Amino acid sequence: MSDKKQSGSDNEPSATVTIAGHYARMILPDPPADRPFIYINMVTSIDGKATVEGSERGLGSADDKRMMQELRVHADAVMNGASTLRISGSSPRVRDSGLKAQRLEHGLSPQPIGVIVSRSGDLPLDVPFFTSREFEAVVFLTETTPHDRVAAIRATGRKVVIVPGASGNALQIVQALRRDFGVRHLLCEGGPSMNRALLEARVADEIFLTLAPKIVAGKESLTAVEGSAFDRSSMPQLSLKEHLLDQATDELFLRYAISYQ
């Protein structure tokens, strides 16, 4: 990895520092009183696509995966939507022993809690999210989830929370994570529909975006946020807090604060 970082506070030439470890060393803001501080992490191509051939695989480099792991250092919980679990078999694990040690130094458990949100309950129960006992996990289902699927998920030993089935339940979910599981900092790793739900509920506080030097194109390729469009009066506003350049991969690591009109 390159030893150069470009920080987004001015237009002066960047100082020489190490990118690796940067996210692990940062300090996130304190959460609001009734929910976690929520930060989203995504990787997209230059043309804004978050998937290639149906998944995010192939967009980010090994450096991007390292930075993703560093963002998990601060998370009490890591949340994904059901589609992300079905496609990528995601889990919240922090793999590096040094990063796990940093979590302990911050007063956190060795591993974040895994969180999956699903309306249908149609989930692959043979993936590490359900089979591993290295981390705790909770699945949020809805009142409309078929009873047999609720029972099958409960049989894995994972905790199940039932929330209202109507759209717009993101606020109830994140409030439950704070109230019932003590989650102060929640990392959301997608997918695009989950990102849209958090933004619509006005509970996403920051977004970390890796901009990969690739072009995907194609109407079928998802962007970082999918769902009904915001209009001019409701679209969230972003302010750039920092940008890092990885000269080994030409990836830009962007950190934005999110505000709402």
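The values are calculated or read from the model by the stated rules, or taken from the named source; none is laboratory data. Given the structure is predicted, the values throughout are model-derived calculations rather than measurements. A quick note on method: Cβ atoms are made from the backbone with ideal geometry, for glycine too, and the neighbour counts reach across all protein chains shown. Just so you know, the surface numbers come from the protein's heavy atoms only, side chains and all, with ligands and any DNA or RNA stripped out. Shrake-Rupley method; radii C 1.70, N 1.55, O 1.52, S 1.80 Å.
One table, with the values for the structure above:
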| item | result |
| --- | --- |
| Tally, over region 98-136, of residues that are on the phi > 0 side of the Ramachandran plot and in contact with a strand residue (DSSP E or B) (Cβ under 9 Å, 6 or more places away or on another chain) | 1 |
| Subset of region 64-83 that is assigned to a helix (DSSP H, G or I) and more than 16 Å from F208 (Cβ to Cβ) - its residue that is most open to solvent (accessible area, probe 1.4 Å) | S83 |
| Per-region count, region 177-201, residues open to solvent by 20 Å² or more (accessible area, probe 1.4 Å), over 16 Å from V138 (Cα atoms) and not in a helix (DSSP H, G or I) | 1 |
| From the options A212, A204, A229, residue that is over 24 Å from L125 (Cα atoms), at pLDDT below 95 and hydrophobic (A, V, I, L, M, F, W, C) | A229 |
| Condition met for L252 (of a type outside the set (S, T, N, Q), assigned to a strand (DSSP E or B), in contact (Cβ under 8 Å) with a residue 60 or more places away in the chain and open to solvent by 30 Å² or more (accessible area, probe 1.4 Å)) | no |
| Neighbours by Cβ (under 9 Å, 6+ apart or cross-chain): first from region 45-69, at positive phi; second in a helix (DSSP H, G or I) and open to solvent by 20 Å² or more (accessible area, probe 1.4 Å) | G54/I87 |
| Residue pairs meeting the criteria (Cβ under 8 Å; at least 6 apart or on separate chains; first under 23 Å from L177 (Cβ atoms) and in a loop (DSSP other than H, G, I, E, B), in region 141-153; second among the charged types (D, E, K, R) and open to solvent by 60 Å² or more (accessible area, probe 1.4 Å)) | T144/R119; T145/R119 |
| Of all residues in region 140-195 being β-branched (V, I, T) and touching a Pro at 6+ places or on another chain (Cβ under 7 Å), the one that is modelled with the lowest pLDDT | T142 |
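Each row is one residue, and each column tells you yes or no for (1) of a type in the set (S, T, N, Q); (2) in contact with a Ser or Thr (Cβ under 9 Å, 6 or more places away or on another chain); (3) closer than 23 Å to F130 by Cβ.
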{"position": "A50", "(1), (2), (3)": "no, yes, no"}
{"position": "E56", "(1), (2), (3)": "no, yes, yes"}
{"position": "S61", "(1), (2), (3)": "yes, yes, no"}
{"position": "Q69", "(1), (2), (3)": "yes, no, yes"}
{"position": "V73", "(1), (2), (3)": "no, no, no"}
{"position": "L85", "(1), (2), (3)": "no, yes, yes"}
{"position": "P92", "(1), (2), (3)": "no, no, yes"}
{"position": "L104", "(1), (2), (3)": "no, no, no"}
{"position": "P110", "(1), (2), (3)": "no, no, yes"}
